[in-house]
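Heads up: the structure comes next, in structure tokens.
Please treat every number below as a calculation from the coordinates, not as lab data. This one's a predicted model, so the numbers in the text were calculated from it and none came from an experiment. Positions of Cβ are generated from backbone atoms using ideal geometry, with glycine treated the same way; all protein chains shown enter the neighbour counts.
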Amino acid sequence: MRLQIDILSWYWALCRYRHNAHLLRDLESAAQTYPEAIWPTRIATVLRALIHATNLARDNGKDAIDPSVRTKQLYLLRQGVKVGLSATLSDGNAPGENTARLLLEAFRDREAGILRFVDNLAIPATSDDAERGLRLSKIQQKISSRLTSTARTKDRHLNPSTRSSRHRQQTRYPAATHCHNNSAA
């Protein structure tokens with residue numbers, strides 16, 4: 001039973017924290033679970049600052065965010081995680097306490113994966129563009145319970161609205177879409 005819980009918590013943390021919107025939502029939930037605590041809002045503020053710094057650097061054609069901003073924000077993030085871990089010594093029984101603890105453990109144990117967008121500006125900090133590009137296919141799949149054929153799916157992806165979303169994504173994150181472009185060939 002313990003092995004199953006460990007595997008599920010690893011899977012949950014790995015899959016859930018690939019998108020910063022989920023992180024920010026869970027930090028908001030942690031702030032509601034622990035209303036007297038400062039750490040959830042501190043971590044959320046730092047995460048937003050890192051997202052903002054990467055977007056500014058990318059928009060200005062830089063290869064990396066300002067090193068002093070990176071150092072300061074990572075320090076504040078790690079301190080917030082330490083404070084949160086010390087304040088939530090157990091998984092807790094109240095609603096949201098286990099989720100908050102898993103969130104903090106994910107930040108502690110998987111910081112490099114969660115924050116990979118900080119050091120590699122080709123990786124988008126949020127998944128909005130990618131999700132927008134897949135929206136038409138997912139709607140069709142939900143309506144029909146399947147995609148009709150490969151040819152029809154390709155036609156659907158040539159739709160002007162899908163093409164413009166894909167173009168925005170490829171323009172903004174060329175390295176992140178490179179693998180997708182090669183797999184389509």
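Could you pull the Cα extents of the range 70-112 along its three principal axes, largest to smallest, in whole Å?
Principal axes ranked by extent give 36, 18, 13 Å for the Cα atoms.
Could you give the nm distance between label points at Ser90 and Lys72, where each point is 7 Å from its Cα heading toward the beta carbon?
Going from the Ser90 label point to the Lys72 one covers 4.0 nm.
So if each residue of separation counts as 0.36 nm, and I subtract the Cα-Cα distance between Asn120 and Thr45, what length gain in nm does that give?
Here the segment from Asn120 to Thr45 would lengthen by 25.0 nm.
Summing Lys, Arg as +1 and Asp, Glu as -1, what charge do residues with Cβ under 15 Å from the Cβ of Val46 carry, Val46 excluded?
+3
Note down the nm distance, to one decimal, between modelled labels 7 Å out along Cα→Cβ at Leu56 and at Glu97.
4.0
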